[in-house]
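The next block holds one structure in the form of structure tokens; read it before the comments.
The values are calculated or read from the model by the stated rules, or taken from the named source; none is laboratory data. This is a predicted model, so every value here is computed, not measured. Virtual Cβ from ideal backbone geometry, glycine too; neighbours counted across all protein chains shown. Note: accessible area is taken over every heavy atom of the protein model, side chains too, but ligands, DNA and RNA are not part of it. Shrake-Rupley method; radii C 1.70, N 1.55, O 1.52, S 1.80 Å.
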Amino acid sequence: MSIWVTVLLFLVGLVLIVKGGDWFLDGAVWIAEATGVPRFIIGATIVSLATTLPELTVSVTGVLQGEVDLAVGNAVGSVTANLGLILGISIVCIPSAVNRKQFDLKAVLMVSGALVLFLLCRNGVLPVLPSLLLFVVFGIYLGNNVMDARSSMAENREANPRRRTTSHRQMIMKLGLFAAGIAAIVAGSRLLIDYGSELAMMLGVPSSIIGVTMVAIGTSLPELVTTLTAIAKKEASMSVGNIIGANVIDLTMILPVCSAVSGGQLAMGSQTTALDMPVCLGLCCLAVLPPLLRGRFYRWQGALMLAAYAAYVVVLVR
């Protein structure tokens, strides 16, 4: 394939994720406004479930094809990229306060998921029965989101008893926009990963660097696009909710599913247990401690998370 076709397909992927992010976030904001559910909760549920589809697909496919290291590295690496890179960028750009009622339990559950996963995998495997503990964390997370959504919808109805109803046509258009947005992001991400890697190889970039950048960050592109779009539209709550929710799903659902698919035990490489998981757990703590203690994110915190992620990538490349 000629370099010009590769560049063209790479640019098509870039356009798709940019426009898809715009449609996706507009649809998500409309859902929040139409239902009365806070943006943080929408980000932590509907948006995060949609943006974790690439990680789930890649990890399960990897296990079925015998690429266990890819499956595990993708799930854990995506959480690390979501926190160190994506949330770091979001906090540096918008160091916002948090709603403690909506944030605290979800943040604790994210750290708990990372800690339980780390403890379960110390022997180099993730057994399927003990991994059900992770499903318990996931169940608590979903239950808490449902309760928060119901409470917020009830409060919204009381505060706005004559709130304007949404037409059937508008609802179909907005939900279609939301679905088209995530489809465009996923398709664009695939083009960007595939042809970005091919373009890098044509330009002589080492394969180790391509692997760390394109593959590790590639499946986190939906979260990155959603975050950058949210920053541009001043929707910090949607961005933070999306990242927290995506991480909880990555840690507590994807790897237990992979363990079940693998036949009962998911093998872990030495790099995963010695480096990837400790870094992931450390970034989880760094991300949630300041808002849990002081009720807000700080720009220095975001800069520290970016620096930690950069150091992690340097260690991997070396």
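So, restricting to helices (runs of 4 or more DSSP H) that lie completely within region 40-125, which ones have at least 3 residues that are within 17 Å of ASP250 (Cα to Cα), modelled with pLDDT of 90 or more and open to solvent by less than 40 Å² (accessible area, probe 1.4 Å)?
Where helices (runs of 4 or more DSSP H) fall fully within region 40-125 and carry at least 3 residues being within 17 Å of ASP250 (Cα to Cα), modelled with pLDDT of 90 or more and open to solvent by less than 40 Å² (accessible area, probe 1.4 Å), they are 100-120.
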Problem set entry | Where ILE249 falls short, out of the listed (1) within 18 Å of the chain's Cα centre (by Cα); (2) over 21 Å from LEU306 (Cβ atoms); (3) modelled with pLDDT under 85 | (3)
